[in-house]
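Here's the structure, in structure tokens; my notes come after.
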Amino acid sequence: MRTPLATVILPAKDASPYIGTALETLLRQFDDPGALKLVAIDDGSSDDTGAQMRHYAERFDHAEVVTNSHPVGLASARNQGLAHVEGDAFCFLDGDDWMQPHRLQVLTERLRELSCDFLRTDHVRVTGSKRVLKRAPYAWRGISASPRDAILPTDDTTMVDYPFAWAGIFHRRILDRGLATFSDGLFTAEDRPWIWRLHLQANSFAVVDAPAVLYRRGVPTSLTQVRDRRQLDFARALAQTVEIVEQDDEAHRFMPKVAWTALALSSHQFVRSRRMEPALRREMRESIRHLLASLPKSDVDVALSRFEASRRRVLARTLRKAGQVT
């Protein structure tokens, strides 16, 4: 049996209502069924997610199912999948999302034609019966470019603000260079340090058109919906991003973007934290205070000068405690 062209890494926890759709669409990605390898990770599910994975695995020419006795989180589960990659290309899919037919066949062909380290695509956001196309924030399509050139400008949406791991495909050399790995143990915002490392250290990328990946929003078990202590990993993930940029030779160029992002996301988290339990909310605020204290004051000042007044008010108390404003 020949080596597959691409591997798809599919981690899921308690995704029973959706996992069948994700797996069924993966069977329609290549004209040659042997071109795709499935690596499915049942991350400590309490429903029949794992059983459905094992059932579908029998329909793939190449498939492995990894079972975790307890949840390790999306970042660590994806890392488990990376250890089983075969072929020159790999990608990610979450258990409540799905792909249009032949998406991976198109992306594998484009990856080879453009000789890029990785490709990124648009995606379709699905909320109930509503579908909205979300475009990757990069103006040039189908052209190989430096990933570093897609990080700026500071105060506009760029490719590092589009961190979705499943919105693209990656050449195996990204894995071999250690750029595909996520920070173990992060339960949310795991893709923030990951996307920054990728854009700072990979050599080439492109944004291309392809059949869509559909991203399901509003799922009750999604971390975008829950308000428990897993959300505290947000500040830890952003702190790791700061460290990654600080170690770069052009840190002075990119740190204003990190500061802008940290302030913008922190203000969003403050609003969300109003629905948390008081003790957890205090812990969230303390973790954000430490994050904001680590940012260069000059970059914080510039970012704040461009924020609307409502956002500055949300941040004001914590910025004072962080020593960033008087």
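When the stretch 73-129 is filtered for residues that are free of Cβ contacts under 8 Å to residues at least 60 places away in the same chain and under 20 Å from Phe30 (Cβ atoms), the ones remaining, listed by number, are Glu109, Arg112, Glu113. Listed by position, the helices (runs of 4 or more DSSP H) inside the stretch 276-326 whose residues that are of a type in the set (Lys, Arg) number at least 3 are 278-293, 309-321. Taking the stretch 72-189 and the helices (runs of 4 or more DSSP H) fully enclosed by it, no element has 3 or more residues that are at pLDDT below 95 and buried (at least 16 other Cβ atoms within 10 Å of the Cβ).
Scanning the stretch 1-37 for residues that are of a type in the set (Gly, Ala, Ser) and either out of contact with any Cys (no Cβ under 9 Å at 6 or more places or on another chain) or modelled with pLDDT under 95 (or both) gives Ala12, Ala15, Ser16, Gly20, Ala22, Gly34, Ala35. The set of residues in the stretch 303-326 that are of a type in the set (Val, Ile, Thr) and surrounded by 15 or more Cβ atoms within 10 Å (Cβ to Cβ) comprises Val314, Thr318, Val325.
Here Arg236 fits the description: among the basic types (Lys, Arg) and either assigned to a loop (DSSP other than H, G, I, E, B) or touching a residue at least 40 places away in the same chain (Cβ under 8 Å) (or both).
Applying the condition of being in contact with a strand residue (DSSP E or B) (Cβ under 6 Å, 6 or more places away or on another chain) and among the basic types (Lys, Arg) to the stretch 133-171 and asking which residue is nearest to Leu200 (Cα to Cα) yields Arg141. With respect to Ala264, is the statement that it is in contact with a Leu (Cβ under 6 Å, 6 or more places away or on another chain), part of a helix (DSSP H, G or I), closer than 30 Å to Ala202 by Cβ and small (Gly, Ala, Ser) true? So Ala264 fails the test. In this structure, does Ala206 turn out to be surrounded by 21 or more Cβ atoms within 10 Å (Cβ to Cβ), of a type outside the set (Val, Ile, Thr) and more than 29 Å from Tyr18 (Cβ to Cβ)? It is true that Ala206 is surrounded by 21 or more Cβ atoms within 10 Å (Cβ to Cβ), of a type outside the set (Val, Ile, Thr) and more than 29 Å from Tyr18 (Cβ to Cβ). Of all residues in the stretch 126-155, those being in contact with a Leu (Cβ under 8 Å, 6 or more places away or on another chain) and either of a type outside the set (A, V, I, L, M, F, W, C) or not assigned by TED's automatic domain parsing to the domain that holds Ser204 (or both) number 5.
The values are calculated or read from the model by the stated rules, or taken from the named source; none is laboratory data. Everything numeric here is computed off the predicted structure, so don't read it as measured data. Every residue, glycine as well, gets a Cβ built from its backbone with ideal geometry; the counts of neighbours run over all protein chains shown.
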